[in-house]
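One structure is given below, encoded as structure tokens.
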Amino acid sequence: MMQKYQLFIDGQYCDPTSGEWFDSVNPYTGEVWAQIPRADRADVDRAVAAASRALHDGPWATMTPSARGKLMRRLGDLVAEHADRLAEIEVRDNGKLLAEMAGQVRYHPEWWYYFGGLADKVEGSVVPIDKPDLLTYTTSEPVGVVAALTAWNSPLLFIAWKCAPAIAAGCTVVIKPSEYTSASTLEYMELTKQAGFPDGVFNVVTGVGAETGAMLVEHRDVAKVTFTGSDVTGRAVYQSAAKGLKRVSLELGGKSPNIVFDDANLDAAAAGVVSGIFAATGQTCIAGSRLLVQNSIKDRFVEKLVGMGQTARIGDPMLPDVNIGPVTTPPQFQKILDYIDVARTEGARCVLGGKRAEGDDVANGLFVEPTIFVDVTNDMRIAQEEVFGPVLSVIGFDDEDDAVRIGNDVIYGLAAGVWTKDIGRAVRMTKALKAGMVWVNTYRAVSYMMPFGGIKGSGIGRESGMKSINEFLETKSVWISTSDAAPANPFIQR
Ligand code: NAD
């Protein structure tokens with residue numbers, strides 16, 4: 001049945017001022033299943049005004065951090081209760097496997113529990129000041145209204161990653177999900193209401209990125225922008241936010257090397273490489289899209305991967321035994337096919353897949369076969385640019401130095417994987433690789449406790465982990481004189 005969604009502003013679901021909606025398409029069936037409101041400037045203004053009011057005047061402004069934490073934990077419980085429904089919406093909207101989504105949404109409450117627990121542990125400090133007759137201390141205050149812009153591959157997860165630390169810090173948020181996958185974020189707001197958050201603490205405006213998203217980023221009363229998306233959009237968002245001197249966190253793309261040495265457990269490494277590039281149909285920022293494999297085992301290892309790729313079942317993401325679901329959006333689908341052409345033109349050799357998937361079960365959806373290219377050199381576009389699809393580029397290397405040189409020779413620096421049984425080599429590699437995250441003998445593990453984010457072209461700042469709350473806090477320095485005496489000379493600095 002067709003769902004017609006509304007915006008969520010100031011604790012209420014409401015129609016967009018424009019009176020316009022746009023379609024959301026199920027990438028497996030190709031059918032329109034929902035209508036999403038197109039927010040214009042008036043809606044963005046209303047949402048930011050509601051968030052500002054809640055921040056400064058409402059019950060949220062005076063609520064103790066402990067009480068905030070309780071609401072957050074209640075929200076976590078509600079998400080756990082509604083996990084199955086939320087997972088289903090996400091699968092319908094973005095085509096991720098239900099098997100993955102169900103696990104992801106069940107894990108999602110942990111962000112609310114963890115950061116809910118942190119809300120009342122943000123402490124200032126008394127500074128033993130070097131001047132007489134003064135009490136000096138610092139406090140941490142919410143940075144202000146936060147604009148949270150999310151990508152289409154994991155909208156629900158990004159709500160937790162961005163909003164849990166922001167809300168723990170006492171901020172209020174206006175979320176702008178991707179126009180391709182807005183439904184789950186809008187549904188989620190019902191749970192924030194049920195949890196008891198005051199009106200205006202959470203708001204959602206939906207619409208096209210270059211319109212609604214851009215208006216939100218440039219809004220005068222937004223103090224902080226936290227963005228997940230492509231590096232091209234990330235740069236535009238950074239520039240726009242700079243004009244208003246806003247705080248910015250950017251979680252952007254990657255071209256992460258998954259590096260396999262000849263002493264590795266090759267079965268585990270092959271499973272790690274497959275999970276790094278074919279899970280979520282390769283539509284993850286941390287995709288291990290460059291396989292760097294030691295030349296001495298390259299052919300043998302690639303053969304193993306091809307075997308695993310050939311047996312992967314492509315189809316309906318709702319089915320438990322399907323391994324590869326559809327690509328989420330038509331432009332992304334075309335982009336992947338274009339990159340496959342580019343790879344061939346550049347001289348890479350395709351040993352698996354390399355085209356749109358065929359068959360009755362996938363006829364209406366946006367399916368690409370799991371694809372592996374060998375004979376890739378690191379200067380090729382297929383080795384340098386983010387495809388964001390199930391396309392693996394295989395590059396051989398001779399030794400550790402060679403692996404580090406090739407691994408780091410890319411504009412991105414989000415993640416890296418290392419597969420070896422040599423502990424010394426593992427430690428050396430984790431130090432030498434220029435990436436925000438390095439996994440050794442595992443890949444694609446994430447937790448609410450571990451900082452997530454990249455360096456270089458992969459972004460600025462970290463999400464998750466205790467310190468991520470600092471992205472949403474400002475320090476205030478307080479100076480209190482304990483003396484009634486007037487300064488001896490008021491014309492010079494004290
Ligand atoms: P995108 O950059 O197209 O869009 C991201 C968000 O920004 C969407 O909500 C979109 O509507 C909005 N937007 C678009 N143009 C805008 C503008 N001019 N001003 C303000 N907002 C605008 O990204 P996408 O295609 O949705 O997602 C895929 C990308 O996200 C990939 O590059 C992937 O690597 C990256 N990603 C990064 C991480 C991470 O944590 N590092 C996680 C997931 C995805």
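Read-outs throughout are calculated quantities, based only on the coordinates presented, and are distinct from any laboratory measurement. Worth saying up front: this structure is predicted, and the values here are computed from it rather than measured. Using ideal geometry, Cβ is built from the backbone for each residue, glycine included, and neighbour counts are taken over all protein chains shown.
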Original post:
For the range 362-439, what relative contact order do you get, as a whole percent, if you take Cα pairs closer than 8 Å and at least 6 residues apart?
Top reply: 25
Subject >> Cut-off under 5 Å, modelled amide H: who pairs with Ile9 long-range >> reply: Cys14, Val204
Original post:
Counting Lys and Arg as +1 and Asp and Glu as -1, each charge on the Cβ, what is the dipole of the range 68-197 about the Cα centre in debye, to the nearest 20?
Top reply: 100
Original post:
What are the residues whose amide H is under 5 Å from the amide H of Thr17, where those residues sit 5 or more places off or on another chain and H is modelled from the backbone?
Top reply: Asp40, Asp43
Original post:
Are there trypsin sites (Lys or Arg not before Pro) in the range 218-262 that DSSP marks as loop and that have at most 13 other Cβ atoms within 10 Å, and which are they?
Top reply: Arg220
Original post:
In the range 257-440, what % of DSSP beta bridges are antiparallel (nearest 5)?
Top reply: 15
Original post:
Got the relative contact order for the range 257-440 handy, in percent, Cα pairs under 8 Å and 6 or more residues apart?
Top reply: 28
**OP:** For Phe22, enumerate residues with amide H under 5 Å from its amide H, sequence gap 5+ or separate chain, H modeled in the peptide plane.
**Re:** Ile36, Arg38
Original post:
How far is helix 298-311 tilted, in degrees, relative to the longest principal axis of the Cα atoms in the chain, given as a value from 0 to 90 rounded to the nearest 10?
Top reply: 80
Subject >> Antiparallel content of DSSP bridges confined to the chain, in %, to 5 >> reply: 45
**OP:** Take the alpha-carbon centre of the range 255-270, take the same for the range 147-196, and report the distance between them in whole Å.
**Re:** 35
Original post:
What is the antiparallel percent of DSSP beta bridges lying wholly in the range 1-136, to the nearest 5?
Top reply: 80
**OP:** Report the label-to-label distance for Asp57 and Glu211 in nanometres (one decimal), using points 7 Å from each Cα along the Cα→Cβ vector.
**Re:** 3.0
Subject >> Longest site-free stretch - the chain; sites: GluC sites (Glu not before Pro), DSSP loop, at most 15 other Cβ within 10 Å >> reply: 124-357
Original post:
Taking K and R as +1 and D and E as -1, what net charge do the other residues with C-beta under 15 Å from the C-beta of Ala214 add up to?
Top reply: +1
**OP:** Report ³J(HN,Hα) in whole Hz for each residue of the range 200-215, in order, from the Karplus equation J = 6.51 cos²θ - 1.76 cosθ + 1.60 where θ = phi - 60°; Gly and Pro get x.
**Re:** x, 6, 10, 9, 10, 10, 10, x, 6, x, 5, 9, 4, x, 5, 4
**OP:** Could you size up the charge dipole of the range 257-440 around its Cα centre, putting +1 on the beta carbon of Lys and Arg and -1 on that of Asp and Glu, and report it in debye to the nearest 20?
**Re:** 300
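Mean separation of Cα pairs under 8 Å and 6+ residues apart, divided by the residue count of the chain: what relative contact order is that in percent?
Values: 1126 pairs, mean separation 88.7, N = 494.
Here the relative contact order equals 18 percent.
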Subject >> Cα centre as origin, Lys/Arg/Asp/Glu Cβ charges: the chain dipole, Debye >> reply: 1020
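Which entries of Lys4/Lys176; Lys335/Lys456; Lys162/Lys255; Lys298/Lys335; Lys131/Lys467; Lys243/Lys434 have Cα-Cα distances beyond 26 Å here?
Pairs exceeding 26 Å: Lys298/Lys335; Lys131/Lys467; Lys243/Lys434.
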